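Nothing in this text is a laboratory measurement; each read-out follows from the coordinates by a stated rule. Everything numeric here is computed off the predicted structure, so don't read it as measured data. Ideal geometry is used to build each Cβ from the backbone, glycine not excepted, and the neighbour counts take in all protein chains shown.
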Amino acid sequence: MMKLIDKQLLDDVSRQAQKSDRLRMNYNFHQSLDDKCHRFLNAVEPGTKVEIHRHPTKDETFILLRGKVRVLTYNDAGEILDDIILDPQEGRYGVDIPKNVWHNVECMESGSVFFECKEGPFVPHDAEGILTV
């Protein structure tokens, strides 16, 4: 069955993110964490903490549907390489992050939701790599 990505869905996932201790919430389109392709909405709120991490074998794409988020990439020493603010109102819609690149996301506006796509299966960040700076 086809799933419609509309304002109602974004609002629902954003409300869940606002109530979450993590201040973020995923809405998965993939059926299992073992699926070969993970496709999901990621609703984030200001104050959410996405640790600096990398996926050694997986590229990752973010397309911002609404709101404003900051995406940063880092070198192995924790120094910022790229600092991009995604904002559809300004014509900056998304980023594609190559495998093995340290990165994180910072929410800059309540109600921000991005579509994320990366290869499965799911591997916890602590198994893939978290950068401590």
Problem set entry | Filter result for VAL95 (within 12 Å of CYS117 (Cα to Cα), surrounded by 15 or more Cβ atoms within 10 Å (Cβ to Cβ) and free of Cβ contacts under 8 Å to residues at least 60 places away in the same chain) | yes
Problem set entry | Inter-residue pairs, beta-carbon under 6 Å, first without any contact (Cβ under 8 Å) to a residue 24 or more places away in the chain and in region 66-88, second charged (D, E, K, R), 6+ apart | ILE85/ARG70; ASP87/LYS68
Exercise. Quick check: anything in region 23-35 within 14 Å of the chain's Cα centre (by Cα), surrounded by 14 or more Cβ atoms within 10 Å (Cβ to Cβ) and of a type in the set (Asp, Glu)?
Worked result: no
For this session: Residue by residue through region 65-98, note down the ones that are among the aliphatic types (A, V, I, L, M) and either more than 23 Å from LEU10 (Cα to Cα) or touching a helix residue (DSSP H, G or I) at 6+ places or on another chain (Cβ under 6 Å) (or both).
Result: LEU72, ALA77, ILE80, LEU81, ILE97
